[in-house]
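J.: A single structure is presented below for examination.
Nothing in this text is a laboratory measurement; each read-out follows from the coordinates by a stated rule. Keep in mind it's a predicted model, so treat the numbers as computed, not measured. Ideal geometry is used to build each Cβ from the backbone, glycine not excepted, and the neighbour counts take in all protein chains shown.
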Amino acid sequence: MERIKTAIVGASGYTGMELLRLLLVHPSVELVAATSRQEAGKSLASVFPRFRGAAGAELHFIEPDPDAIAATGAVVAFLALPHGVAAEIARALLERGVKVIDLSADFRLRDAGVYEEFYGHAHPAPDLLDEAVYGLPEVRAEEIKGARLIAAPGCYPTSILLPLLPLLRAGLLDASTIVANSMSGVSGAGRKADLTLLFCECNESVRAYGVPKHRHLSEIEQELSIAAGEKVKITFIPHLIPVNSGIVTTTTARLREGVDAAEVGARLEAAYAGEPFVRLLGRGGCADTKNVTRTNFIDIGWQFDARTGRVILMSAEDNLGKGAGGQAVQAFNLLFGLDATAGLQNF
């Protein structure tokens, strides 16, 4: 089988490094371009010694020039770039016939006004929003298969949406009572110099941040509203914890009057039966980040608090895996008709 010529734009950050880790060994991928302004001219192996000896690690970083990327023969490009920057490159690559899987926030939202509200500037390519597919594979598989532009979901949204969406679609929850508390490893903030992210500032400490209006709220509420068939607003409180990677999220909401708590487990089972990367822990199962880091799995458990009438949903994922690079590769597999687990079935 001829391998798929693939590019990674912005390959020197944490998400870019995760994409390299996955794509260098993907059986159906030929990595033909990896871009980085800072590392241009250097080989992948010299920048990331962990890849020494891997086939393709001799490839050299290039500048993120759309003509140069297209000239490599790439038919698809993963964009691991900051929001506001990705849209310009995405448009240029689409114009050159290259499909795009964007891991920034630039194409996750359907409404350019909401993007401006949450990201603080006008959307750089509002005409492409209608075309972009929100790339949550367990929810939008058929749309992903026919897409030209895929918006990979954010890490926090993935951990919140997958447990909630089946329950909202079934009308089990009072959507006005949803509260989500998440804890994320430091790599979620990106590979950058920032005083607040130094080891001594993060180690042995936990803190909330981005309260009360974290940027990811925009896509979380968008997708919850679609599932519920009504406008949904939630309380979302993210926390930074002193680990490299991993997200654990605990979400609570009231069951609607007359709903049997057993329906929660039944709906989750029905939604994710056969999904290779959703592992259901059942009632009383508490998800643990140590079981999902370095993988594309999301573990989901749940419990019902009869005293308060609230469902407790517990999920864990790797923010760089199922929350970013792994999920993007999962969408890539769908896009090109490959086995869903290709390049991802690692424990």
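J.: Got at least one residue in the range 48-61 being closer than 25 Å to LEU94 by Cα and either among the charged types (D, E, K, R) or not in a loop (DSSP other than H, G, I, E, B) (or both)?
T.: Yes, that holds for at least one residue.
J.: If you don't mind, another one. Out of curiosity, is ILE237 in contact with a strand residue (DSSP E or B) (Cβ under 9 Å, 6 or more places away or on another chain), under 29 Å from ALA112 (Cβ atoms) and outside any helix (DSSP H, G or I)?
T.: Judged against the criteria, ILE237 is a match.
J.: Taking ALA70, is it within 24 Å of ALA132 (Cβ to Cβ) and surrounded by fewer than 23 Cβ atoms within 10 Å (Cβ to Cβ)?
T.: yes
J.: Let me ask you something else. Within the range 86-161, considering only helices (runs of 4 or more DSSP H) that don't extend past its boundaries, which have at least 1 residues that are closer than 27 Å to ILE178 by Cα and touching a Cys at 6+ places or on another chain (Cβ under 7 Å)?
T.: No helices (runs of 4 or more DSSP H) qualify here.
J.: I need a count of the residues in the range 191-206 that are surrounded by 12 or more Cβ atoms within 10 Å (Cβ to Cβ) and over 22 Å from MET17 (Cβ atoms).
T.: Count: 1.
J.: In the range 118-160, which residues are among the acidic types (Asp, Glu) and within 27 Å of THR250 (Cβ to Cβ)?
T.: GLU138
J.: So, of the residues in the range 264-318 that are in contact (Cβ under 8 Å) with a residue 60 or more places away in the chain and charged (D, E, K, R), which turns out to be nearest to GLN330 (Cα to Cα)?
T.: GLU275
Yes/no per residue for (1) assigned to a loop (DSSP other than H, G, I, E, B); (2) free of Cβ contacts under 8 Å to residues at least 60 places away in the same chain:
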site: ILE8; (1), (2): no, no
site: ALA11; (1), (2): yes, no
site: LEU20; (1), (2): no, yes
site: VAL25; (1), (2): yes, no
site: GLU30; (1), (2): no, yes
site: GLY41; (1), (2): yes, yes
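J.: Continuing with the same structure: Could you count how many residues in the range 140-190 are over 29 Å from LEU19 (Cα atoms) and among the hydroxyl-bearing types (Ser, Thr, Tyr)?
T.: Looking only at that region, the number is 2.
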